[in-house]
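Presented below is the structure to which this report refers.
The values are calculated or read from the model by the stated rules, or taken from the named source; none is laboratory data. Everything quoted here is computed from the prediction, not taken from an experiment. Using ideal geometry, Cβ is built from the backbone for each residue, glycine included, and neighbour counts are taken over all protein chains shown. Side chains are part of the model used for accessible areas, which takes the heavy atoms of the whole protein and leaves out ligands, DNA and RNA. Shrake-Rupley method; radii C 1.70, N 1.55, O 1.52, S 1.80 Å.
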Amino acid sequence: EAQVTQNPRYLITVTGKKLTVTCSQNMNHEYMSWYRQDPGLGLRQIYYSMNVEVTDKGDVPEGYKVSRKEKRNFPLILESPSPNQTSLYFCASSLKSSGQGEKPQHFGDGTRLSIL
Amino acid sequence: AQSVTQLDSQVPVFEEAPVELRCNYSSSVSVYLFWYVQYPNQGLQLLLKYLSGSTLVKGINGFEAEFNKSQTSFHLRKPSVHISDTAEYFCAVIPYWGGSEKLVFGKGTKLTVNP
């Protein structure tokens, strides 16, 4: 089954304690992305990756890191989490398109982080 | 740059009534348009998309949307809603030129279907 898998689904932690949210896709997609969802703000992109070893900042990258060592995995790292990073996080992936085809992104089920 | 405006943050309707969720976008280049649905405690699921061709597109669960280029709109409609349609709906765009895969989302519309 084609899917994007995020772990953990829920996490409560404390300020300053490093954490990693994993994301894995089994569709051989080149493009992967992280979003955060906050009430009244919709989804905002944190980081994205066009392919292995190619990552770039989205709209709200402060306080986050990512890596793309393998095509299927795109972990999100919070080196020193703070309460304003309490949010619902989504990982997404898609094929890289040429501008002539469809570009639907497949989303994981989300990770709800609470930073106390 | 692109932006998406969903004009209603919440839409309450009664079961079997018709519904329209409004979406307007702004972009200096052509875009692909999408509607995603998020059921409670779940991720986003693609409802429908407009790439080119007929401006009326049909999606899953009886939803359809109409692309209006002159009004830069992509409103979502369903003629008769069910309780199970209660969810949050997001309109999103991607620029057509292929250099970016970044989805730009609206802030979402919460649809609540009451019995």
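Return the long-range amide H neighbours of A:GLY58 (sequence gap of 5 or more, or a different chain), with a cut-off of under 5 Å between placed amide H atoms. Answer set, sorted by chain and number: A:TYR47, A:TYR48.
Just checking the output field for B:101-113: average partner chain Cβ neighbours within 10 Å of each residue's Cβ?
Mean partner shielding for this stretch: 5.
Annotation: for a label point projected 7 angstrom from Cα along Cα→Cβ of A:THR5, residues of the stretch A:24-39 with backbone N closer than 16 Å are A:24-29.
A cut-off of 5 Å between modelled amide H atoms, ignoring neighbours fewer than 5 places along the same chain, links B:LEU48 with B:TRP35.
Scalar couplings 3J(HN,Hα) for the stretch B:10-20, obtained by applying the Karplus form with A = 6.51, B = -1.76, C = 1.60 to θ = phi - 60°, are 9, 9, x, 9, 8, 4, 6, 7, x, 9, 10 Hz; x denotes Gly and Pro. A simple spin-label model places pseudo-atoms 7 Å from Cα toward Cβ; at A:SER80 and B:HIS82 they are separated by 5.2 nm. Shown for chain A: lysine pairs separated by 8 or more places, or found on different chains, whose C-alpha atoms are under 26 Å apart, numbering 18.
In debye, nearest 20: dipole of the stretch B:1-93 around its Cα centre with unit charges on the Cβ of K, R (+) and D, E (-)?
Taking the Cα centre of the stretch B:1-93 as origin, the dipole is about 340 debye.
Along the stretch A:15-26 the Karplus relation, 6.51 cos²θ - 1.76 cosθ + 1.60 evaluated at θ = phi - 60°, assigns HN-Hα couplings of 3, x, 8, 3, 9, 10, 9, 8, 9, 9, 10, 10 Hz to successive residues, with x for each Gly and Pro.
Projecting the Cα positions of B:PRO40, A:MET32, A:THR20 onto the charge dipole of the protein assembly as shown (unit charges on Cβ atoms of Lys, Arg, Asp and Glu, taken about the Cα centre) puts A:THR20 furthest along the positive direction. In chain B, carbon and sulfur make up what percent of the accessible area (probe 1.4 Å)? Of the solvent-accessible surface of chain B, carbon and sulfur hold 50 percent. Compute the FRET efficiency between B:VAL29 and A:VAL52 as 1/(1 + (r/R0)^6), taking r as their Cβ-Cβ distance and R0 = 30 Å, and round to the nearest 0.05. That pair, B:VAL29 with A:VAL52, gives E of 0.60. Each residue, B:ASN114 and A:ASP59, gets one label point 7 Å from its Cα in the Cβ direction; the gap between the two is 3.2 nm. A simple rule links phi to the HN-Hα coupling: the Karplus curve 6.51 cos²θ - 1.76 cosθ + 1.60 with θ = phi - 60°, which for the stretch A:39-52 gives x, x, 10, x, 9, 10, 7, 9, 9, 9, 9, 7, 4, 4 Hz, with x for Gly and Pro. Rolling a 1.4 Å probe over the protein heavy atoms leaves A:MET50 with an accessible area of roughly 40 Å². For the modelled label position 7 Å from the Cα of B:GLN10 along Cα-to-Cβ, which residues of the stretch B:58-94 have backbone nitrogen atoms closer than 17 Å? Counting backbone N atoms under 17 Å from the label point, the list is B:86-89. The heavy atoms of B:TYR96 present about 100 square angstrom of accessible area, all protein chains included, probe 1.4 Å. Here the protein assembly as shown is assigned +1 on the Cβ of each Lys and Arg and -1 on the Cβ of each Asp and Glu. Its dipole about the Cα centre then comes out at about 500 debye.
Residue by residue along B:81-93, Cβ atoms of other protein chains within 10 Å of the local Cβ number 1 on average.
Backbone amide hydrogens, once placed in the peptide plane, bring B:VAL31 within less than 5 Å of B:TYR96, excluding anything fewer than 5 places away on its chain.
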